[in-house]
Amino acid sequence: MYRTDSRDLTGVVIGKPREYFPESLPAPMREQCDRAIDALKARGATFRDVSLPHTDLALPVYYIIAPAECSANLARFDGVRYGMRIDGDGLRGMYEATRSKGFGAEVTRRILLGTYVLSAGYFDAYYRKAMEVRALITKDFTDVWASGVHALFTPTTASPAFHIGAISDPYEMYLCDLFTVSANLAEVPAMSLPIGRVQGLPVGGQVIAPKFGEANMFRVAYALESELGAEAHR
């Protein structure tokens, strides 16, 4: 599996994680995914049902670890050495003005959440526990690769793309990440590409590969895009 521009997937084993295809997945979404799977099979790929049993824990774990990293990494942007500077009343006032005006609502929200989970009273209860569960999620992927699977195919989200401004609740927005955050936690490459439309709105398919397995990922994605062609972009 060296050529990433090959349309022939003979010998390629693609896993279909059952946790990403729950019964609650809307029928139109499932139909688009099934069409993509058939397209990959037409190129010679073999599909195998696999399991990533800790998938349901990925979203809460991600939204503990990612805000913690956000809080730690963005602490340097205080107007002293990095980024913009907004003058205020003294040093503390400069800090407050710079960080208040320099970060948007979502970034501020993540900084506050991350600072909370990293605080002395909650570090073990939240951040340390999340890192332990992250190790379990990573092992799920490692076990799948060890079984001989070269890549995974999943829906990118559980619903089609939504209209701009249709979702304003942050929690509802976070739920849209359900199928994508596991790859980040497991530190494996993943990409999304269009596979069709539902009621005129785009549907994405996700290809996940092992660490340093980008060649596998690009090859599967190229074959899928070649098979679906312009139909997926209409």
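For the range 72-111, enumerate the residues that are under 29 Å from Arg128 (Cβ atoms), touching a residue at least 24 places away in the same chain (Cβ under 8 Å) and part of a helix (DSSP H, G or I).
Ala72, Leu74, Glu106, Val107, Arg109, Arg110, Ile111
Return the only residue of Leu178, Leu193 being under 17 Å from the mean Cα position of the chain (by Cα) and within 23 Å of Val107 (Cβ to Cβ). Give the steps one after another, and end with the answer.
Details: Leu193 fails: within 23 Å of Val107 (Cβ to Cβ).
The match here is Leu178.
Sort through Tyr82, Tyr63 and tell me the only one that's aromatic (Phe, Trp, Tyr) and exposed (fewer than 15 other Cβ atoms within 10 Å of the Cβ).
Values: Tyr63 fails: exposed (fewer than 15 other Cβ atoms within 10 Å of the Cβ).
The conditions single out Tyr82.
Could you run through the range 165-183 and say how many residues are in contact (Cβ under 8 Å) with a residue 12 or more places away in the chain and not hydrophobic (A, V, I, L, M, F, W, C)? Before the answer, list the steps.
Kept after step one, since they are in contact (Cβ under 8 Å) with a residue 12 or more places away in the chain, are these residues of the range 165-183: 170, 174-183.
Okay, now just the ones that are also not hydrophobic (A, V, I, L, M, F, W, C), so 170, 174, 177, 180, 182.
Residues meeting the conditions: 5.
Residues to consider are Phe123, Phe162; find the one that is of a type in the set (Phe, Trp, Tyr) and either free of Cβ contacts under 8 Å to residues at least 24 places away in the same chain or touching a Leu at 6+ places or on another chain (Cβ under 7 Å) (or both). Lay out the reasoning, then the answer.
Working: Phe162 fails: either free of Cβ contacts under 8 Å to residues at least 24 places away in the same chain or touching a Leu at 6+ places or on another chain (Cβ under 7 Å) (or both).
After ruling out the rest, the residue left standing is Phe123.
Each value in this text was obtained by applying a stated rule to the coordinates, not by laboratory testing. What you see is a predicted model, and the numbers here were worked out from it, not measured in a lab. Glycine gets a Cβ as well: all are built from the backbone with ideal geometry, and neighbour counts include every protein chain shown.
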